[in-house]
Amino acid sequence: MYDELIHVPFIVKPPAEYDTVDAIEDLTAYLDIGPTFLDLAGTSAPDEMEGQSFLDALENGKTEREAVISEYANSGKRITSRRTLEWKYILDDYHDREELFDLTTDSTEQTDCSTDRPEVLESFRDAVRERMSHEEFDTDASFDDDVDEEMRQQLEDLGYL
């Protein structure tokens, strides 16, 4: 759940009548793609969609999103992160650990500062656990039978397992 794995470029070519920014520096999420395209099409997203349209951000570079959640789950375990512009928190069931990074001073997420900032850690932990409590999580879900040992090692080397 480090930015080098989850911070990916997303290129949007809106209709010509939009005067767009070069890049949105604020937070966006995968969940925002659907509502944004529906907004571009002139319709609104259904209430059950979690994402937020970032159509306005294409013109002004700013989003309304305060934080983004990233998740990976397999074999009854998961890794969940919550990121703001200033902080990144990672709760890792696979390795039974949690990490906190101050992105204003450590943009490459090299130094865990969870012991130095317990109040920030607790706030992020509570937000992640609150989100997790509202999700269905299949503890039997696994792709173990579909992955050979070589592929498993490659995924492990990349930090996915």
Of all residues in region 21-34 being in a loop (DSSP other than H, G, I, E, B) and β-branched (Val, Ile, Thr), which is farthest from SER81 (Cα to Cα)? VAL21
Filtering region 24-53 for residues that are small (Gly, Ala, Ser), farther than 30 Å from TYR94 by Cα and surrounded by 12 or more Cβ atoms within 10 Å (Cβ to Cβ) leaves a count of 3
I'd like the full set of residues that are free of Cβ contacts under 8 Å to residues at least 40 places away in the same chain, of a type in the set (Gly, Ala, Ser) and either touching a Cys at 6+ places or on another chain (Cβ under 6 Å) or in a loop (DSSP other than H, G, I, E, B) (or both), limited to region 40-79. ALA41, GLY42, SER44, ALA45, GLY51, SER53
How many residues, within region 89-107, are out of contact with any helix residue (DSSP H, G or I) (no Cβ under 7 Å at 6 or more places or on another chain) and farther than 18 Å from LEU155 by Cβ? 10
Only one of GLU109, GLU98, GLU25, GLU86 that is touching a Leu at 6+ places or on another chain (Cβ under 9 Å), acidic (Asp, Glu) and within 17 Å of MET132 (Cβ to Cβ): GLU98
So for region 15-23 (the condition being surrounded by 12 or more Cβ atoms within 10 Å (Cβ to Cβ) and modelled with pLDDT of 90 or more), does at least one residue qualify? no
Search result, residues across region 75-107 that are loosely packed, with under 13 Cβ neighbours inside 10 Å and more than 22 Å from THR28 (Cβ to Cβ): GLY76, HIS95, ASP96, ARG97, THR105
For PHE37, which of the numbered conditions (1) within 30 Å of LEU155 (Cβ to Cβ); (2) in a helix (DSSP H, G or I) fails to hold? (1)
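The values are calculated or read from the model by the stated rules, or taken from the named source; none is laboratory data. Note that the structure is predicted; figures quoted are calculated from it, not measured. A quick note on method: Cβ atoms are made from the backbone with ideal geometry, for glycine too, and the neighbour counts reach across all protein chains shown.
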